[in-house]
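Visitor: Input: one structure, supplied below.
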Amino acid sequence: MGETDRSERIRASGMSEYVFCARAWWLRRTGQEPTRGAESRAAGTAYHERHGKGVRRARLLRRVSVACLYIALALAAFILLLWWRG
């Protein structure tokens, strides 16, 4: 098996950067440096906060929908049981 090109290797630091911000990881990987100005950093922080809120909201909505599904299935089973016995 051939040697992997050094530029294609992904290191632990790259993985942590990807987990934090996939866009910054991609930019660095393609040879572009993410901007480092205070305004850009503030905008990036605000974006990540909004994104985090959206992710938390999506998780909550998923949990609520699963709970509603279980309640609907339990109700359907109860109604079916009453119908079958009645």
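The values are calculated or read from the model by the stated rules, or taken from the named source; none is laboratory data. Predicted model only: the values in this text are computed from it and were never measured. Reconstructed Cβ throughout: ideal geometry from the backbone, glycine too, with neighbour counts over all protein chains shown.
Visitor: Name the residue, out of Ala74, Ala46, that is farther than 30 Å from Arg9 by Cβ, under 18 Å from the mean Cα position of the chain (by Cα) and either outside any helix (DSSP H, G or I) or among the hydrophobic types (A, V, I, L, M, F, W, C) (or both).
Guide: On the way: Ala74 fails: under 18 Å from the mean Cα position of the chain (by Cα).
Ala46 is the lone residue from the list that is farther than 30 Å from Arg9 by Cβ, under 18 Å from the mean Cα position of the chain (by Cα) and either outside any helix (DSSP H, G or I) or among the hydrophobic types (A, V, I, L, M, F, W, C) (or both).
Visitor: Now for a different question. Only one of these conditions is not met by Leu75: (1) on the phi > 0 side of the Ramachandran plot; (2) modelled with pLDDT of 85 or more. Which number is it?
Guide: Going through the list (1) on the phi > 0 side of the Ramachandran plot; (2) modelled with pLDDT of 85 or more, Leu75 breaks only (1).
Visitor: Another question, then. Of everything in region 12-27, what is loosely packed, with under 10 Cβ neighbours inside 10 Å and over 20 Å from Ala46 (Cα atoms)? Give them in sequence order. Step through it out loud before you land on a result.
Guide: If we filter region 12-27 for residues that are loosely packed, with under 10 Cβ neighbours inside 10 Å, which is where we start, we get 12-13, 19.
Ala12, Ser13 - these are the residues of region 12-27 that are loosely packed, with under 10 Cβ neighbours inside 10 Å and over 20 Å from Ala46 (Cα atoms).
Visitor: Check region 37-58 and report whether any residue there is polar (S, T, N, Q) and at pLDDT 95 or above.
Guide: Narrowing region 37-58 to residues polar (S, T, N, Q): 40, 45.
From what is left, the residues that are at pLDDT 95 or above are none.
No, every residue in region 37-58 fails to be polar (S, T, N, Q) and at pLDDT 95 or above.
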